[in-house]
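Novice: So that we are looking at the same thing, I have put the structure below in structure tokens.
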Amino acid sequence: MKTATLKPLAQRKVLPVSYSNNPISINERLLERLTYGVPAPRRMLTPGLLLKKHDLIRAYLLRMGLTPAEREAAFYLLRLYVYYGKVYPKAPNFTPDYYCSKRSFWRAVAKLQEAGLLDRMNRFIHHLQVSNCYRLDKLVLCLIRCLAEQGTPFLDDFTREIIRQTASSFWQTLGLLRVRLRDRQPITLMA
């Protein structure tokens with residue numbers, strides 16, 4: 001039996017691959033995408049600190065104006081960051097545990113992104129978007145700074161050096177800072 005149409009119903013056109021003459025910039029972008037994640041020695045927020053200082057972190061998120069569902073979403077993202085160093089959130093994993101909708105989860109992510117505490121990176125495989133990766137480095141730095149102001153002692157040298165670098169006018173220059181805890185120079189001023 002023959003069908004009336006000979007064309008396949010669903011067909012994807014392969015996008016042409018564009019190559020740049022500058023292989024160094026391509027390698028740097030690939031390296032940044034593949035190696036995102038904060039290594040364990042540079043994670044200032046540890047699982048123990050997240051559990052012990054839960055109330056102070058909750059108070060900071062409350063001062064930001066987050067609703068209870070948005071605070072739970074922020075804690076979910078922080079837990080992923082603390083344990084894996086990478087954040088690839090999935091709303092279906094979050095919603096049944098915390099009795100929230102997917103929409104409220106993504107609303108919380110958007111609110112943190114608007115505040116500048118969260119950076120989103122789109123991930124692509126073969127020119128198709130797979131998922132988003134989120135950088136929580138600035139949020140973690142704000143939490144560590146807030147905990148340091150509350151009198152929490154930090155023992156590792158990396159965290160003490162970061163707190164020392166941001167000692168003078170951290171809260172005034174927060175919007176101008178670029179924070180990448182994985183880099184050699186973790187805190188830089190944006191031009």
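Novice: Just wondering, is there one or more residues in segment 10-24 that are assigned to a helix (DSSP H, G or I) and at pLDDT 60 or above?
Specialist: no
Novice: Pick out the one residue from 73, 115, 59, 110 that is hydrophobic (A, V, I, L, M, F, W, C) and in contact with a helix residue (DSSP H, G or I) (Cβ under 6 Å, 6 or more places away or on another chain).
Specialist: So the residue among 73, 115, 59, 110 that is hydrophobic (A, V, I, L, M, F, W, C) and in contact with a helix residue (DSSP H, G or I) (Cβ under 6 Å, 6 or more places away or on another chain) is 73.
Novice: What is the residue count in segment 33-44 for residues that are β-branched (Val, Ile, Thr) and either in a helix (DSSP H, G or I) or buried (at least 16 other Cβ atoms within 10 Å of the Cβ) (or both)?
Specialist: Here the count works out to 1.
Novice: Same structure, new question: In segment 136-163, what residues are aliphatic (A, V, I, L, M) and out of contact with any helix residue (DSSP H, G or I) (no Cβ under 8 Å at 6 or more places or on another chain)?
Specialist: Within segment 136-163, just 155 meets the criteria.
Novice: Another question, if that's okay. Look at residue 59 and say whether it is within 22 Å of residue 182 (Cα to Cα), outside any loop (DSSP other than H, G, I, E, B) and over 18 Å from the mean Cα position of the chain (by Cα).
Specialist: Details: within 22 Å of residue 182 (Cα to Cα): no; outside any loop (DSSP other than H, G, I, E, B): yes; over 18 Å from the mean Cα position of the chain (by Cα): yes.
No, not satisfied.
Novice: Let me ask you something else. I'd like the full set of residues that are over 18 Å from residue 142 (Cα atoms) and either surrounded by 16 or more Cβ atoms within 10 Å (Cβ to Cβ) or of a type in the set (A, V, I, L, M, F, W, C) (or both), limited to segment 45-93.
Specialist: Scanning segment 45-93 gives 69, 89, 91.
Novice: If residue 119 satisfies every condition in (1) under 20 Å from the mean Cα position of the chain (by Cα); (2) within 15 Å of residue 42 (Cβ to Cβ) but one, which is the exception?
Specialist: Residue 119 satisfies every listed condition except (2).
Novice: Could you list, in sequence order, the residues of segment 125-174 that are within 21 Å of residue 86 (Cβ to Cβ), in contact (Cβ under 8 Å) with a residue 12 or more places away in the chain and hydrophobic (A, V, I, L, M, F, W, C)?
Specialist: Those that are within 21 Å of residue 86 (Cβ to Cβ), in contact (Cβ under 8 Å) with a residue 12 or more places away in the chain and hydrophobic (A, V, I, L, M, F, W, C): 133, 136, 139, 140, 141, 142, 143, 144, 158, 162.
Novice: In addition: Could you list, ordered by first residue, the pairs with Cβ atoms under 9 Å in which the first is in segment 73-93 and more than 14 Å from residue 132 (Cα to Cα) and the second is among the acidic types (Asp, Glu) and modelled with pLDDT under 85, at least 6 apart or interchain?
Specialist: Here the result reads 76/97, each pair linking segment 73-93 to a residue that is among the acidic types (Asp, Glu) and modelled with pLDDT under 85.
The values are calculated or read from the model by the stated rules, or taken from the named source; none is laboratory data. Predicted model, so just to flag it, every value in this text is computed and none were measured. Counting neighbours? That spans all protein chains shown, and the Cβs are built from the backbone with ideal geometry, glycine included.
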